[in-house]
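Take a look at the structure set out below.
The values are calculated or read from the model by the stated rules, or taken from the named source; none is laboratory data. Note that the structure is predicted; figures quoted are calculated from it, not measured. Cβ placement follows ideal geometry from the backbone for every residue including glycine, while neighbour counts extend to all protein chains displayed.
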């Protein structure tokens, strides 16, 4: 049996899975919408990816990342549970050796990672503002009734972008509507929006960072050629969008799992059968102190396998 | 006896309570800020006021219904909004129907008469200056004991074998210091508490990273306001050293500035020759000092909308590059979520580990 490693990235908008072989090549990849039901998304993903694997492949390790990493980790028996910043950096290094800057824009967060000699030396993540992330682009595409896949192409048709206020998504939308009512053509408005989002990203997330080539652009939004073009315009350098840009987090998690298993010599992976188990979650307010933490519990076939949300160790699962 | 309360700043309330009672006040002990505190503060404070003003107001709104007559707080040094917050709090509390007064302790070096007047108001027992001095000396010693124990937890927690053990022991031994009253009892309680903490089983071989914490004083000193970041870091194997402790801060603003290798002011000088209010210059200077002392990283904590820290953050980018030390900034307010903080901290620890190499 050939060994392979599974990575699962449970994000706010999408749940992604990737399987790597021992050489770090992608055997299978999946991009699914989380739709606010991460457990279902993970189970669907597992079922689907099991069918995509070539015969004779056995999962020798599994890693999880993304905002749902602890939940996913408890479900599948992860060997490594890693934050998405590290996972994305690892994947970018694999796909584009020598990368010095990673721009990542996902559903609700955006980050910049600065690497030198293959080592992360600095990073930043959006804090108080989520303007310009995938959710907003989705919303605008839906409002304009343009499939999100064609949103970027439309921007490229523009020769005369209009200036859109990109600081706050609500005001950006007002500004777009205003420009529409003034009679500006749609491609110019969409290109203006792409540029506004990139400006906002560089002024907030990218503030004070030394952006050197090669620059890799990944995450769901990297599919948008309009945003890519705007980045190239503002940075004055080419921007690489790797083939698997949508599932880079999952690829990084799989690679980290491979490293972890090489160290420990064993995997905790429960097998694809977890796709068929019954998972239940419930939440309650802790009454231990006035913090009233909202504790979420996860049950696998009636047994508690994880608890989250406490500010103290009272509810830690032993 | 006048009913007195004051802000909740970490564990310091234990020392202030003793002092205020010695001077003849009835103390309403402020509760540890919780979500309820925050909800109360956010509801009645201006939206764009900074985080400390909201937590403090919330704290007062928890204690005022218990009949507080007098609130004791400190003033500010330099151009920072916090210097006016006492007056703002008084106005808001009065408009809500609480007949409270506020005594603001300004630095005695700058305002000696004002300071003496304030002390007089807090001294209904009419103790002599000599007697007050003795009370202050004991309270000061208790404060030192509390600071020393907290520093000790910062060293032990990243090395503990059982997660959460340090915190559990710390909570217990704090009560010993709390109960100590005479100078001898306080010294003895600190010694016993430190011994008990040292008994927490530790792994001396564990790889531990050293991180300096800089930023605005209140969010640094009150763990409830920074989502217990020091504890979270400890559990990730990080030994933290905080740039500000209450004893150090009080000393700097009363009789003498701390001189270690160089003063914070001197360290900040090449980057920031001006006082910009709050702790902006301290954040810059302390980052330089942490870098020179070979720390693996620095974390800056700032209330959202805090101008001095925003200026400092911009400068820290250059300090970080010049000294090759990673700096991570958190802007804190009632919207800050712990999950996002943990993600960033985990990545920061990974960054330090990969930088250091195998």
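Examine region A:174-194 for a residue that is at pLDDT below 95 and within 23 Å of the chain's Cα centre (by Cα), and state whether such a residue exists.
yes
Given the condition assigned to a helix (DSSP H, G or I), surrounded by fewer than 18 Cβ atoms within 10 Å (Cβ to Cβ), more than 10 Å from chain A (Cβ to nearest Cβ) and on the phi < 0 side of the Ramachandran plot, answer yes or no: does some residue in region B:319-326 qualify?
The answer is yes; a qualifying residue exists.
Residues that are in contact with a helix residue (DSSP H, G or I) (Cβ under 8 Å, 6 or more places away or on another chain), outside the structural domain of residue B:69 (by TED's automatic domain parsing) and in contact (Cβ under 8 Å) with a residue 40 or more places away in the chain: which helices (runs of 4 or more DSSP H) entirely in region B:102-219 hold 1 or more of them?
Per the criteria, B:129-156, B:165-179, B:183-198.
Yes or no, residue by residue, for (1) buried (at least 17 other Cβ atoms within 10 Å of the Cβ); (2) at positive phi:
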site	(1), (2)
A:3	no, no
A:6	yes, no
A:9	yes, no
A:12	yes, no
A:24	no, yes
A:28	yes, no
A:35	no, yes
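Can you name the number of the only condition in (1) part of a helix (DSSP H, G or I); (2) surrounded by fewer than 23 Cβ atoms within 10 Å (Cβ to Cβ) that residue A:41 fails?
(2)
In region A:284-318, which residues are assigned to a loop (DSSP other than H, G, I, E, B), within 14 Å of chain B (Cβ to nearest Cβ) and modelled with pLDDT of 85 or more?
Correct list: A:286, A:287.
Looking only at region B:294-306, count every residue that is at pLDDT below 90 and either more than 23 Å from the chain's Cα centre (by Cα) or surrounded by fewer than 17 Cβ atoms within 10 Å (Cβ to Cβ) (or both) and tell me the total.
1
Could you please find all residues in region A:260-278 being within 14 Å of chain B (Cβ to nearest Cβ) and buried (at least 16 other Cβ atoms within 10 Å of the Cβ)?
A:260
Kindly indicate whether any position in region A:53-64 is at pLDDT 90 or above, within 14 Å of chain B (Cβ to nearest Cβ) and under 19 Å from the mean Cα position of the chain (by Cα).
The answer is yes; a qualifying residue exists.
Taking region A:184-223, which residues are closer than 30 Å to residue B:321 by Cα, free of Cβ contacts under 8 Å to residues at least 40 places away in the same chain and not in a helix (DSSP H, G or I)?
A:208
Restricting the search to region B:286-317, which residues are within 12 Å of chain A (Cβ to nearest Cβ), in a helix (DSSP H, G or I) and under 18 Å from residue B:275 (Cα atoms)?
B:310, B:313, B:314, B:315, B:316 - these are the residues of region B:286-317 that are within 12 Å of chain A (Cβ to nearest Cβ), in a helix (DSSP H, G or I) and under 18 Å from residue B:275 (Cα atoms).
Every residue in region A:167-199 that is surrounded by fewer than 23 Cβ atoms within 10 Å (Cβ to Cβ) and under 13 Å from residue A:227 (Cβ atoms), please.
A:199
Across region B:226-255, which residue is modelled with the lowest pLDDT among those that are in a loop (DSSP other than H, G, I, E, B) and away from every other protein chain (no Cβ under 14 Å)?
So the residue we want is B:255.
Inspect region A:235-247 for any residue being assigned to a strand (DSSP E or B) and without any contact (Cβ under 8 Å) to a residue 24 or more places away in the chain and give the result as yes or no. Walk me through it before giving the result.
The initial filter retains those residues of region A:235-247 that are assigned to a strand (DSSP E or B), namely A:239-240.
After this cut, where a residue has to be without any contact (Cβ under 8 Å) to a residue 24 or more places away in the chain as well, the list is none.
No, region A:235-247 contains no residue that is assigned to a strand (DSSP E or B) and without any contact (Cβ under 8 Å) to a residue 24 or more places away in the chain.
In the list A:63, A:24, which residue meets the criterion of being in a loop (DSSP other than H, G, I, E, B) and touching a residue at least 12 places away in the same chain (Cβ under 8 Å)?
Details: A:63 fails: in a loop (DSSP other than H, G, I, E, B).
Answer to the selection: A:24.
Conditions: (1) surrounded by fewer than 12 Cβ atoms within 10 Å (Cβ to Cβ); (2) within 21 Å of the chain's Cα centre (by Cα). Residue B:184 meets all but one. Number of the miss?
Condition not satisfied by residue B:184: (2).
For residue A:281, all conditions in the list (1) crowded, with 17+ Cβ neighbours inside 10 Å; (2) away from chain B (no Cβ under 11 Å); (3) closer than 30 Å to residue B:38 by Cα; (4) in contact with a helix residue (DSSP H, G or I) (Cβ under 8 Å, 6 or more places away or on another chain) hold save one; what is the number of the exception?
With respect to (1) crowded, with 17+ Cβ neighbours inside 10 Å; (2) away from chain B (no Cβ under 11 Å); (3) closer than 30 Å to residue B:38 by Cα; (4) in contact with a helix residue (DSSP H, G or I) (Cβ under 8 Å, 6 or more places away or on another chain), residue A:281 is out only on (1).
Are any of the residues in region B:85-99 more than 17 Å from residue B:306 (Cβ to Cβ) and in contact with a strand residue (DSSP E or B) (Cβ under 6 Å, 6 or more places away or on another chain)?
yes
Out of B:339, B:347, I need the residue that is without any contact (Cβ under 8 Å) to a residue 24 or more places away in the chain, surrounded by 20 or more Cβ atoms within 10 Å (Cβ to Cβ), closer than 27 Å to residue A:109 by Cβ and at the interface with another protein chain (Cβ under 10 Å from one of its Cβ atoms). Which one?
B:347
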